[in-house]
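Read the figures in this text as sums done on the coordinates, not as results from a lab. The model shown is predicted, which means the values in this text are computed figures rather than measured ones. Glycine gets a Cβ as well: all are built from the backbone with ideal geometry, and neighbour counts include every protein chain shown.
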Amino acid sequence: MATSPGEQALWPPPFPPSVPGCPAMAALRRTESTLTALDEETLWEMMESHRHKIVRSICPSRLTPYLRQAKVLDQLDEEEVLHSPTFTNTVMRVGHLLDLLKTRGKNGAIAFLESLKFHNPDIYTLVTGLQPQVDFSNFSGLMETAKLTECLAGAIGSLQEELSQEKGQKEALLQRCRQLQERLGQAEAHAQSLCQLEADHDRMKREVSAHFHEVLKLKDEMLGLSLHYSNALREKELAATRCRSLQEELYLTKQELQREKISSSHERESRERSLQVAGGLGPGDRELSRLKEENEKLRSLTFSLVEKDILEQNLDEALESKQELVDRIHSLRERAVAAERQRKQFWEEKEQTLLQFQRTKVDCDIYKERVTALQSQLLQLQKERDQAYSARDAAQMEIAQNLTEKDALRRKVFELTDQVCELRQQVHKPQAESLQGPKQEAGAREPCPKGKQRLVRMFAICPRDDSDYSCPSSTESQLCSDLSATSNRELVDSFRSSSPRPPSLQSLYKRVTDDFWEDPWSFSGFPETLQVDQGPSPGAKAGDADLDYEIVDRADLPECESSLQPFSGGLTTSSSSVPVRRRPARKILSQVTVLAFQGDALLEQISVIGGNLTGIFIHRVTPGSAADEMALRPGTQIMMVDCEATEPLFKATLEDTTLEQAVGLLQRVNGFCCLSVKVNMEGYKKLVQDLEAKVATSGDSFYIRVNLAMEARAEGELQVRCNDILHVTDTMFQGRGCWHAHRVGPYSTTGAEHGTIPNYTRAQQLLIALIQDMAQHTTIARKSSGGPQKLVRIVSVDRTKPSPVRSSFDGTPPQPSRLEEPYTACFWAESCFTLVPYTLVHPHRPSQPRPVLFVPSVAGKILSEKLCLLRGFKKCPAEYLSQEEHSACSQRGDIIQEREASGGHYCVTRRAVESLMEKNTHALLDVRLDSVCALHRMEIFPIIIHIPINERAAKKLKKVLQRLSTSEEQLLEAGRQEEGQLDRVPCLYGSLAPDSWSDLEGLLGCVRVAIADEQKKVVWTEQSPR
């Protein structure tokens, strides 16, 4: 790349480089001019060998002004190097600068080295091996003064920018330091809490070890008792053996004794015989010998009885010792049973202690998360508080300015009022001088302060015939014409006259007539509606103090005022002068007008179309009828009907009623009535276009849940099952006896299958007949879970509460006590509650995972223990709330279910459920079925999974029930009770087939599939409270 002579003059003669290890640079070290004599590759080789040091030590914003002056960089290159978003740090920017200069060739390298000589001399010395020597006296000759100024300004700007960056970095570091200090404080608090938890954990471990040692001691005592018991048994056996041996010895002794006795007796007899034969003894000697023998026998017998007594005494003692041993054995057994029971109790206490420790750990984690969330919310609240303070200050300043301006305007108004009073005094002075009579009467009255006109009653409809107000004087007319530039005719006949006198009768009626025929529906903005009563009130008279009634003579009205007849069309008056009552019009919405007229057989005068979605519109008006004279036209929407003047009395709003309800209400009108109407041509035209294009058959649109099964008995009828969702689109389809509806699928709000269904009254009769039939046939028992299709769902509601599903008329008179509530529209029978064949429902599509509730709750506990181990499921814990927290949550309506505890309550709260939903997790609820209504009020729609339980299913869960200490009979009883409560749940629920699972794992898989399927479905919730 060639260098121009002007550019070569910019480079001062460089010193020869001194790069160790480079032979070429060592040879060119002596002279400075040899630096420019080097070729391009050598120069860039010098810089590339020190590229790492260059990019880490150079600030590009200092070098770019000089490089631009050397014309090796332009403005775009400088902006790309300094401000390109692709380069996130200084190293990348310097590297890109070197790459750009390398494309400029040798001039780029030399210019870069020269810039290093000025701004980074140490890097220059490192690269070239020369000491930078700059002759500042010759510096002005290197570049022009303007360019030098620009270069210096750029350098100063870059230095200022670096200074600001360093300040910003300093502030960021200070903020980071503060954050680290806050985190350090939090960590210290966390460490303290962990230390406390560790201390509690150690204490619990010590308690557990103490209990364990006690259990070991009890085990040792029980072992000793068992050994003692075994020794006692052995002693008992030995005693029994000894007793038997003694008995045997006694028996043998007795036998020997008997033998000895027999032998001794034989020996004595033989000896006696021998003596008798030998000596011939006498009878006395024989008797003496006999007595001696008997004495010896008695002695032997006495000896045997004593011995027997001794043996019996020994036997009794052995039996007593045996009984003592038996009693001791029983006591040892009782002590062993008590020790075993105490061991089980200690083991359960150990389990509970471990569970409590785990719960405490989980609560600690939750508390940490809550503290973190509270800190973030506190920061947001501080920001919002600062914003609110600033907004409040701005609003206070604006209010102060407005008050200042208002005071100034008020002062101007007071000044203008004084001027007007002075002008009126000037007007009345010549009038008072010309009229002596009025002057005397005026003299009796007290003058108004500051010359203001005294307040008098204005008889606008029928002015008095006094001379003071009959006609204005010529002087007053002249002065008034000077003030308002109007004629005498305008002062008398114009409603907008500037005269202090009221307008005449003709002016009032002319104004009303012109406004009504220009825009008949803007007449509702008039502050009062004229309503003509059926006859004159005997207590009314002209000039009454309250001005409730004022006499109007129709003969005095001009012929041109006959256009006012639509206000009284269809009414007959008893005389030419009738009382006219003025009362404020009832305003329901903007542009709503109340029309009072004689509505005899109102539905013969008008026909209506529409429904609860579009509103009720007048479609046709009978010409010449009272409705036609009241200017009712097609496109008029009826908002409310009021029939208080005739019997039966009722009021009803038709804004959200169905077509069948509206027709039933309007059929009851037969006499004087009030209709609140407004013009809605846009809605009427859209409805007519939809009807003509057959897009819709009426203006009705609502969803119902069917509470009974109905078969299709004729062509065109829709066969429905219990708990089906239907979209009703016409409540007057082919007459008043049936509705037109579409069956809605589980995953959308539209349906293709359509047909007719009985209306509310007919469906209620079918429901009652079906219940009676089921009650009469004893063979039809209550449907068991998983059996045939369900026929009836028993639901009862309060009939005094309105519902767009029920028919609005069933021929019974309303309750008089309800007449004071015009929006209640109670037109049903006198009984308070009734069976409901259809229930109004609304669709919902929740985006977050819905909570899960199992029926029966015993099976739910089993499944919750298994599901909480899987991803996407977690139990919803019950929080402990103090009395203050409980009262606050109760006022907000955040409590789903609660149970009392010592000093507080354990509650399942809305916060706990929503926190799990925000984590994209299904909350497993352990609450009753009556808590579903509370969840719906919180806009939380749970998934209800019904698991049918029969004897076969209970046997499948027998092992799991034993762990929960629950029998199969208890599970069956709980299933029957909670299955009966499912009919009162205000939403649909999913039910599993009884034969779809064979064990707990199969049930778990079926439940997961059912939960995923219910999450995809549309949620239908009922509106009517029970």
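For the pair the range 866-882 and the range 210-242, the centres of their Cα atoms are 48 angstrom apart. Here the Karplus curve 6.51 cos²θ - 1.76 cosθ + 1.60, taken at θ = phi - 60°, turns the phi angles of the range 699-713 into couplings of x, 8, 6, 7, 10, 10, 10, 7, 9, 8, 8, 10, 8, 7, 8 Hz, with x standing for Gly and Pro.
For Asp730, the residues 5 or more places off, or on other chains, whose built amide H falls under 5 Å of its own are His740.
Computed from phi, the 3J(HN,Hα) profile of the range 919-924 under the Karplus parametrisation 6.51, -1.76, 1.60 (θ = phi - 60°) reads 8, 6, 10, 6, 7, 8 Hz, with x in place of Gly and Pro. Our coupling estimate for the range 152-163, obtained by passing each phi through the Karplus curve with A = 6.51, B = -1.76, C = 1.60 and θ = phi - 60°, is 5, 5, x, 5, 5, x, 5, 5, 5, 5, 5, 4 Hz, Gly and Pro reported as x.
The H on the amide N of Ile896, modeled in the peptide plane, is under 5 Å from the matching H of Val908, Thr909, Arg910, each at least 5 residues off or on a different chain.
The protection proxy used here, the mean number of other Cβ atoms lying within 10 Å of each residue, ranks peptides 57-63, 672-678, 952-958, 397-403 as follows, highest first: 672-678, 57-63, 952-958, 397-403. Got a sec? Which residues in the range 306-328 would a label at Glu249 touch, if it sits 7 Å along Cα→Cβ and we count backbone N under 11 Å? None, by backbone N distance to the label point.
To the nearest 0.05, what FRET efficiency results for Glu939 and Ala373 with a Förster distance of 22 Å applied to their C-beta separation?
Numbers: r = 21 Å, r/R0 = 0.94.
The computed FRET efficiency comes out at 0.60.
Per the Kirkwood formula applied to alpha carbons, the range 42-108 shows a radius of gyration over Rh ratio, Rg over Rh, of 0.94. Estimate the FRET efficiency between Glu260 and Ala239 by the formula 1/(1 + (r/R0)^6), using the beta-carbon distance for r and 30 Å for R0, to the nearest 0.05. Given R0 = 30 Å and the Cβ-Cβ separation, E is 0.45. With the simple spin-label model, which puts each label point 7 Å out from Cα in the Cβ direction, the Thr750 to Glu405 separation comes to 5.3 nm. Residue-normalised convex hull volume from the C-alpha trace of the range 170-216: 37 Å³ per residue.
Amide H contacts of Thr636: Ile618, each under 5 Å away and 5 or more positions distant or on a separate chain (H built 1.01 Å from N in the peptide plane; Pro and chain starts excluded).
Between the range 371-397 and the range 648-684, the C-alpha centres lie 50 angstrom from each other. Taking 0.36 nm per residue of sequence separation and removing the Cα-Cα distance, the Glu48/Ile768 pair yields an extension gain of 249.3 nm.
Starting with the highest mean, order 263-271, 973-981 by the number of other Cβ atoms within 10 Å, averaged over the residues of each peptide. Before the final figure, lay out the partial values.
Working: 263-271: 11.4, 973-981: 16.1.
Top to bottom by mean Cβ count within 10 Å: 973-981, 263-271.
Taking 60 Å as R0, compute the FRET efficiency from the Cβ-Cβ separation of Glu166 and Ala901 and round it to 0.05. All intermediate terms of the calculation are to be shown ahead of the outcome.
On the way: r = 60 Å, r/R0 = 1.00.
Rounded to the nearest 0.05, the efficiency is 0.50.
Compute the Cα gyration tensor for the range 693-771, then decide on rounded, prolate or oblate, letting a ≥ b ≥ c be the square roots of its eigenvalues: rounded whenever a/c is under 1.5, prolate when a/b is larger than b/c in the other cases, and oblate in all that remain. The shape class here is oblate.
Taken along the Cα-to-beta-carbon direction at a fixed 7 Å, the label points for Trp347 and Ser998 span 3.4 nm. Taking label positions 7 Å along the Cα-Cβ direction at both Asn89 and Thr149, the computed distance is 4.0 nm, reported to one decimal. Can you compute the label reach from Leu870? Point 7 Å from Cα along the Cβ direction, backbone N cut-off under 19 Å, restricted to the range 937-955. Once the point is set 7 Å along Cα→Cβ of Leu870, 942-948 turn out to lie under 19 Å by backbone N, inside the range 937-955. Our estimate of slack between Asp327 and Lys383, defined as 0.36 nm per intervening residue step minus the Cα-Cα distance, is 11.9 nm.
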